[in-house]
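A short worksheet on the structure shown next.
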Amino acid sequence: MPHCNGGGYRDPSAVAAMRRTKAEGGWGVIFTEQTEIHPTSEVAPYIEQHLWEDKDIPALANMAEAMKSCGALAGIQLAYSGINGPNLYTREVPLAVSPGPILTFHPDPVQARALDKDDIRDLQRWFRIAFRRSQQAGFDLICLYGAHGFGIFQHFLSRATNQRTDEYGGSLENRSRFVREVVEIAREETGGEMGITLRLSLHEAGALGLSNAELRDFIAMNADLPDLWDLAHGTWHDCSGTSRFKEEAAQEDLVRGIKALTPRPVVGVGRFTSPDAMVRQVKQGILDFIGAARPSIADPFLPKKVEEGRIEDIRECIGCNICVSGDMTGSISRCTQNPSFMEEWRKGWHPERMRPKGASETVLIVGAGPAGLEAAHIAARRGYHVTLAEAGKVLGGRVAMERRLPGLSAWGRVADYRTGQIAPLPNMETYLDSRLSADDVLAMGAEHVAIATGAVWRRDAVARRHLAPIATDAAMPVFTPDDLMAGGGPTGGRVMLYDDDHFYMASVLAELLIARGCAVEFVTPAVKVAEWTENTLEQHFIQARLLDLGVTVHTSKAPEAIHDRGATLGCTWTGRASDLACDAVVMVTSRIGNDALFQALQAHRGAWEGAGIRSVRLIGDAAAPAPIAWATYAGRRFAEELDAPDRGDAPAFRREIAGLEPLPSLLP
């Protein structure tokens, strides 16, 4: 399915190579991401594709060729963002179905003016030109984007964004007029040689939104309109919710029965990861086609593995949405399960094929968390003899603990996939309950050593707000996430939970504490809970859940001191102090890498050569604590760079530089 990736027009070769990998993996249809058709509607700061002029065609043609390289159909998703396009880059006046403030992830102080009749004719002409360019670029299918509240087609259909009183507003038939006219233009312009797909929201919340019932009326009224109905739940947050809040195939009830309204095929989504769920929906007549975005990121070879019966080899999506964060932050997307995602061209990584090993033979990995497991898996797949030593009694590191927390069970797939893959490898040895000293490492004689010993949470409040420990009375019990994940921590009473991490951990622990019978006072210096989870599309769900559970939220506050009966809080704006009584404190702030073994080996550097050691690397959380996706990436990078030539000060990846246009003459 169409999905953004943080590359867009900036990294066209990286995006093309990523989608070529999906073609190789057996997907039958591969779509681009949102492709903006005209500079009067763009969504900066997000980096999407452009089809504004003929000079955009070569990059897209390269992508279409890559998509079709293994027999797949290539589709382009054409978008005009209307009320969602602030035009911060082009500085054009935004145009929308009805006037109003721009609706996007940021409260941009910009409003759109309403399309008049001339504007509508212009917009239809721009679509006509985009259809022509799409055909010239070699695409087989056109997807008209009207889902998630982001596309002009949904804006016309929905009474929430269409308050027009002319022939394009009012009744559902009138609100359908624009999409019908554009589909007719598409067929005329492409000579019927391109398939037309229409992507619409299954249900838009709110009294004025395009409800599921009204969508069904629209499909029944226009049963033959597109060649394929592409249906996805309401907002992007609803459609692409994390596994913490959305089950696999969560959209089944909304799409069930729609096939009976149209002779055209229907494709649906829902973070499908289980082949059984996919087959069931097709066999039961719920869907004709299974659509996937995030599962195709986690495992581009999912279709091949289903076809070949290698179900146990599927790298299942964990639903963490770290992939979405790449688009939201204007950076290259990444995947927790598939570190090669968006590195296919930049670094030459492949999700299934590994480069053969270099001149070395042996590798020792110390620590079997996400970084260590990935490093061991890839190094062994390359052909090295790998020894994996884990101090604990289970593999998985932080994942083995976090998977037991509320809503995070799917995250265990990070460990399950890798342990399953390394188990049968003959050149792989795994040792549990094996805490190694520097002398142990030297005695093992491995040529390359990776120290992946993880990190521990701090209990002294040091993070972003406080750069040094705060005064803390020893009489107050202070706990960390590590304590709670190990089964310790409060089991009742009033608990102050301080979050200066701003990702998922504090809110998950709040749920855990509520389940233990605690009253939770959630304190954060941010203006909302779990602030960074805006980038994973779950902040709204997290805050709503905490409020529903009875958690008391204190925003824009931070503890300045912990005393024997509670904490003194300071307002982050005024500094005004207030007291908060509590029986225990849980600090979710920052982590410290467990690098003692690495430092001990550095102290014995003179003994490396005699022990046969050529390199020692500190990787993953032990080097720099970060989300799990950063750890699996670190493990992959370690394994990929074994015996690689030194690149010196050059970037560790390929990149593209924009071509320069001639400067205009300064002469009058």
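The values are calculated or read from the model by the stated rules, or taken from the named source; none is laboratory data. Computed from a predicted structure; not experimentally measured. Glycine also receives a Cβ, built like all others from the backbone with ideal geometry; neighbour counts cover every protein chain displayed.
Below is a table of values for the structure above.
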item	result
Residues (surrounded by fewer than 19 Cβ atoms within 10 Å (Cβ to Cβ) and part of a loop (DSSP other than H, G, I, E, B)) located in the stretch 169-196	Gly169, Gly170, Ser171, Gly191, Gly192, Glu193
Which listed residue, of Phe479, Phe522, is touching a residue at least 40 places away in the same chain (Cβ under 8 Å) and not hydroxyl-bearing (Ser, Thr, Tyr)	Phe479
Index of the failed condition, Arg199 passing every other in (1) part of a helix (DSSP H, G or I); (2) surrounded by 22 or more Cβ atoms within 10 Å (Cβ to Cβ)	(1)
Test: residue in the stretch 444-456 that is assigned to a loop (DSSP other than H, G, I, E, B) and among the charged types (D, E, K, R)	yes
Scope the stretch 415-432; condition charged (D, E, K, R), assigned to a helix (DSSP H, G or I) and within 18 Å of Arg382 (Cβ to Cβ); matching residues	Arg418
Yes/no for Arg576 being basic (Lys, Arg), without any contact (Cβ under 8 Å) to a residue 12 or more places away in the chain, more than 24 Å from Arg398 (Cα to Cα) and not assigned by TED's automatic domain parsing to the domain that holds His148	yes
Condition check for Arg91: in the same structural domain as Arg177 (by TED's automatic domain parsing) and surrounded by fewer than 20 Cβ atoms within 10 Å (Cβ to Cβ)	yes
Among the candidates Gly407, Gly412, residue that is over 25 Å from Leu597 (Cβ atoms), in a helix (DSSP H, G or I) and of a type in the set (Gly, Ala, Ser)	Gly412
Strands (runs of 3 or more DSSP E) wholly inside the stretch 536-578 containing at least 2 residues that are out of contact with any helix residue (DSSP H, G or I) (no Cβ under 6 Å at 6 or more places or on another chain) and of a type in the set (A, V, I, L, M)	557-563, 566-571
Failed criterion for Phe541 (all others in (1) free of Cβ contacts under 8 Å to residues at least 60 places away in the same chain; (2) more than 21 Å from Thr480 (Cα to Cα) hold)	(1)
Verdict on Lys357 being in contact with a Lys or Arg (Cβ under 6 Å, 6 or more places away or on another chain), part of a loop (DSSP other than H, G, I, E, B) and more than 29 Å from Ala515 (Cβ to Cβ)	yes
Members of the stretch 253-274 found to be in contact with a Gly (Cβ under 7 Å, 6 or more places away or on another chain) and in a helix (DSSP H, G or I), listed by number	Val255, Lys259
Lone unmet requirement of (1) part of a loop (DSSP other than H, G, I, E, B); (2) over 27 Å from the mean Cα position of the chain (by Cα) for Glu656	(2)
Cβ pairs under 7 Å, 6+ apart, first in the stretch 246-258 and within 11 Å of Gln281 (Cα to Cα), second basic (Lys, Arg) and assigned to a loop (DSSP other than H, G, I, E, B)	none
Flag if Ser333 is modelled with pLDDT of 95 or more, in a loop (DSSP other than H, G, I, E, B) and among the hydroxyl-bearing types (Ser, Thr, Tyr)	yes
Out of Met476, Met485, sole residue that is of a type outside the set (D, E, K, R), out of contact with any helix residue (DSSP H, G or I) (no Cβ under 9 Å at 6 or more places or on another chain) and outside the structural domain of Lys393 (by TED's automatic domain parsing)	Met476
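Conditions (1) surrounded by 18 or more Cβ atoms within 10 Å (Cβ to Cβ); (2) at pLDDT 95 or above; (3) not assigned by TED's automatic domain parsing to the domain that holds Glu402, marked per residue:
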position: Leu442; (1), (2), (3): yes, yes, no
position: Ala446; (1), (2), (3): yes, yes, no
position: Ala450; (1), (2), (3): yes, yes, no
position: Arg494; (1), (2), (3): no, yes, yes
position: His502; (1), (2), (3): yes, yes, yes
